[in-house]
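To start, the structure under review is shown below, and the notes come after it.
Every number in this text was worked out from the coordinates using simple rules, so none of it is lab data. All values reported here derive from a predicted model rather than from experimental measurement. Every residue, glycine among them, receives a Cβ derived from its backbone with ideal geometry; neighbour counts consider all protein chains shown.
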Amino acid sequence: MTSTASKDTNSALVGIRLGASNIVVAYFKEGRSETIVNELGDRVTPTFITFNDGNETAIGLPSKQGLIRNQQNTIQWSPHFLAKHDDNDILLRYYKQKSPINVTESNNRIEFSLTVDGKMKSIHLEIIIVNLLNYVRQLILSVTGAREVQAVLSVPHQMTQTINQDLIRLCMKKSGIELHSIISDACSACMAYELDKDGGHVESHILVYRLGGSTHECSIIRAIGGCFQTVASVYGFENNGDAFTDLLTDVIADEFQKKTKSDPRLASRSLLKLRACSEQAKHVLSTTPVTQCSIDALHEGIDLDCNVSRLRFDGVANNLINECLKPIDVILEKAKLQTDDIKLIVLCGGGTKVLKLRDAIQDRLPNADMLSSINGDEVIALGAARQCYIENKYAKVQVSKDDNQFERVGVRYFRSHLITTDDQKNEISDSDIDDDDNDDEKENDQLDIDWDKHESYLRKLNLTEWKDQDHYRVLGLAKLRYKATQKQVRSAHKQMILRYHPDKSKRIESERFSLITHAFELLSNPTLRRSYDSVDPKFDDAIPNPTTADNFYEVFGPVFDRNARWSIHQHVPLLGNDETSFEQVNKFYRFWYDFSSWREYSYMDEEDKSQGQDRDERRYIEKLNRVERVKRKKTEMTRLRNLVDRAYALDPRIKRQKKEEQQRKDDEKLRRKQEVDKRKQEQKQKEIDEAKRIADEKQRTEEEAKRKQDEAKKEKDAQKKIIKKEKKQLRDLCKEANYFNDKAAAPNLKQIEQIETLIEYLPVDDLKILNATLQEENADKRSIILSEIKKMDEQMQQSRLELSQQSSSSSSTTSSSNSPAAIKWTPEEIELLVKSLRIYPAGVQNRWLVVQEYLKRSGGNANRNVQDIMQKAKHIASGKKEVDESAASLDHIALNSHKQSGIAETEAKLNAVTLSERDEETSVPWSVDEQRIFEQALRTYPASLGASRWDQIAECLASRNKKECLERYKELAKMVQAKKAVNKP
């Protein structure tokens, strides 16, 4: 046959099967139809479309896989609604069971309500179909390299009516696909098996059984002379491929529930995961006896891991298979035919892969031959692609209208209905009509038969062992063998009849002519021929086993070329040469490691199933035969695997690739090591810089603290001088005035003591004011001094009165929440109290009043009374009750000492004054931090160091000299001795 490439190189001739569940596309090239593989490597594309946010769409397998999380914006099975069904209510009810999307019909328009971008959105069916067809068109152009697409669309029989084609043709036009015609699925399936080439005039009936994912269809085709007529058709939604998936879903769910006591079917997400796994397991069980099902976190975080056998699946599917056979009975009754009237069974649709269903159909129609060698998913698209080629071939001629209601498909139909004029006759005969005849002549030229040798070969054959003969050699096709076309087989058979038929020649016995008849019956039947080709006696199964890679391509190349014929998939990658890219080499080995062989061994069955007396015996024979086939299939796959393993082990390109890969890994490892070393070095340098920065910062902080300490000390010294100056000025003034006593009178010691108390009692600011007042002219110094003394006495008297009142009501005030005794002493107040007790030792007149005033001026609680102060002082002196509070106060002081400035602390300390010159010369009290450092230094530098000990201790205290450290040590020693003396019984 002439390829279309010479006629229209810019157009791709394709067949499109627009099913409810899947889309399959095939194109005609170089005399044969081939299925187009999508970008994911699949031959079948689900009709799922997801409308995402931002007007983005996902089509096919990505949309189906995202159904779990995108149920509200994913449309499935939309081609269902292309036809105007009489039972639309049943379709809508069926669709609502499968999808949460609402479907409405108004004014003959189907709309889907989706949730996109959080808003409800209605999308018309036309938009969905156009999106699907646009995807198909882009896929075709990318695979074929053509600029235009010409197509034949295959749909269920009821959609081929004129009233149902308007929307389909509109969508095809909008998508940019030129539509030749719309044909039924049943006719497409017959076209795939080239049943239209039968030029005989014997009438036969063909049962086309299609079981799709969501629908089923059963049609009877009347075939005569290569022309088809649809006698009857049955279409429905129940008992479809999804029903088998549901059965398997229940089996797996029950197994999961039995183990975990939880049902995954109760959660929608878990159910969708389970259905996806069940659908995959259903396809696997059509080729293997057992499959494993695994799903991570199927339900409530529990994983699924179980095995399902084909035997168990067949057991639960018994009732459903019986239901699937009912359409056959219905259509036979509708066509008024008997089971014996059906001569051929054509299976199509993914659901027909279920082996037990095939056996049941065969048992239901025992006298019919079953055609199932082509993948059920692809057979319709392949037939439509062939029809597209035929229509394109006869596009230049006119075809007469058929009065016998034959379908407008097949080469015999067009050749028998041509209308030619005198102007077109020569053109048509040269370009189109005679193409097949010319092809026949060319093919006949290839039948180079040596008749003498052939006749000698026929005479040597054993008549009783015809099954072991070389059927290709019997028909004179020994050179072509499996490459021989059906035309060549028929042509060879015609030549054999003309030469050896008993009515025409006596060259061989009539019994021996039956060998030719057996060979033709086997090779003309695609199924039987396929089984014979699988065990071709001339095929070389040997595998080379060289020990070196010498002449690798010459040794292994022909072997792979020879075994490529068994591949289910077309375009088998070849071994290549030393210049082949690594990508192609890896693709080659991936393909051969996942090699799918169509080779089967039914021809070698020892027992003939048809010889069984009843159904049970036939099933038993088939079971035995199937076991042997599985063994031989396993041996074949082992042989191919050994071939690939040996080639992979010796392939110089793989060795070179591994070497380069190892070098790359070593380089990457070295680079990472260098990066790690560099990061470590940078981290180390960063730590050094950080340590240096911290050291510099510490040094600056210490220098700043020392500077502030020096300034504070200077300011403290200045304050001390001011205090001493003001006190000395007041004393000198009182002394010059003889303490305001009469010159002749004896000194009044009480008045002198009061003046001294006043000097110590008044703060420095009051002292300055008092000295300034006394320096004024005409100032009555005596009256001013006496007035201040009187004011001081009144304040002290008021304090005594409060003390006596508090003493009389101590019991009641203790329980009162507002009593001063109930006020808790803070660590700061305790520190001030300890400090005031050192400044005002026992013997100072009105000592407790002076201490009270000191606490008020230094920031203590103003509500503290003398009794509370005396009680607290006793507790501190006894050390029985305030040890923990004192320790806490020291910790608190140490914690907050770094927050307070040295100047503020010095000013607080300068508020305390002494009674005498001895107190004026006393050093500043030791802080908690100084005391802690001093004790640590005493432990660090023991007395064994001698005179240098105190120099080293003084170096630890920047604000203290050696003399002050010695005095503090003596003071602490006296305090320890005094405490020991008190504690003695």
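What to note about this one:
- Among 337-346, 563-572, sorting by the average number of other beta carbon atoms lying within 10 angstrom of each residue, highest first, gives 337-346, 563-572.
- Dmax and Rg, reported as Rg then Dmax, of the range 1-154 (C-alpha, Å): 17.3, 56
- Cα long-axis angle, helix 582-593 against the chain (0 to 90 degrees, to the nearest 10): 70 degrees
- Axis of helix 486-500 versus longest Cα principal axis of the chain: the two differ by about 20°, to the nearest ten degrees.
- Each label point was placed 7 Å from the Cα along the Cα-to-Cβ direction; for residue 323 and residue 158 their separation is 1.8 nm.
- Residue 632/residue 401 FRET efficiency (R0 45 Å; Cβ-Cβ; nearest 0.05): 0.25
- An oblate overall shape is assigned to the range 267-399, the ratio a/c of its alpha-carbon gyration tensor axes (a ≥ b ≥ c) being 1.5 or greater and a/b not exceeding b/c.
- Placing dummy labels 7 Å off each Cα toward the beta-carbon, the span from residue 765 to residue 459 is 14.9 nm.
- Overall form of the range 107-172 per C-alpha gyration tensor (a/c, 1.5; a/b vs b/c): oblate
- Anisotropy class of the range 926-985 from Cα gyration tensor, a/c 1.5 cut: prolate
- Difference of contour (0.36 nm per residue) and Cα-Cα distance, residue 717 to residue 641: 17.2 nm
- In terms of surrounding Cβ atoms within a 10 Å radius of their Cβ, 215, 464, 35 rank from fewest to most as 464, 35, 215.
- Ellipticity estimate at 222 nm from DSSP helix runs (n ≥ 4, -39,500 (n - 2.57)) divided over the chain, nearest 500: -17500 deg cm²/dmol
- Cα centroid of the range 216-290 to Cα centroid of the range 580-639, whole Å: 24 Å
- Charge dipole magnitude, Cβ of K and R +1, D and E -1 - the chain, Cα centre, debye nearest 20: 4040 debye
- All lysines inside 27 Å of residue 658 as judged from Cα atoms, apart from same-chain residues fewer than 8 positions distant: 587, 669, 673
- Dipole of the chain [Lys/Arg +1, Asp/Glu -1 at C-beta], most positive-end residue of 349, 694, 534: 694
- Nearest-0.05 FRET efficiency for residue 877 and residue 698, computed from C-beta distance (R0 60 Å): 0.90
- Positive-end residue of 101, 14, 116, charge dipole of the chain with Cβ unit charges: 116
- Once mean projected area of the Cα convex hull in nm² is calculated for the structure shown, the corresponding label among [x] 54.8; [y] 80.3; [z] 76.9 turns out to be [y].
- The stretch between residue 117 and residue 616, if pulled fully straight at 0.36 nm per residue, gains 173.6 nm over its current Cα-Cα span.
- Sites matching trypsin sites (Lys or Arg not before Pro) across the range 361-401 that sit in DSSP coil, with at most 16 neighbouring C-beta atoms within 10 Å: 396, 401
- Charge sum, other residues only, whose C-beta stays under 10 Å from residue 304's C-beta, Lys/Arg counted +1 and Asp/Glu -1: -2
- Diagonalising the gyration tensor over the Cα atoms of the range 470-510 and scaling each eigenvalue by 5 before taking the square root yields semi-axes of 21, 11, 6 Å, largest first.
- Relative to the longest principal axis of the Cα atoms of the chain, helix 241-260 runs at roughly 40 degrees.
- Highest-first arrangement of 942-950, 51-59, where packing means the average Cβ count within 10 Å: 51-59, 942-950
- Ascending count of other beta-carbon atoms within 10 Å, so fewest first, for 374, 36: 374, 36
- DSSP-loop trypsin sites (Lys or Arg not before Pro) across the range 481-564, with at most 12 other Cβ within 10 angstrom: 504, 506, 538
- Available extension along the chain between residue 481 and residue 581 is 32.6 nm, counting 0.36 nm per residue and deducting the alpha carbon span.
- Each other residue within a Cβ distance under 9 Å of residue 157 adds +1 if Lys or Arg and -1 if Asp or Glu, for a net charge of -2.
- Protection proxy ranking of 168-174, 206-212, 183-189, 544-550, by the mean of other Cβ atoms within 10 Å over each peptide's residues and highest first, is 183-189, 206-212, 168-174, 544-550.
- Label-to-label distance, residue 530 versus residue 148, with points set 7 angstrom from Cα along the beta-carbon direction: 3.6 nm.
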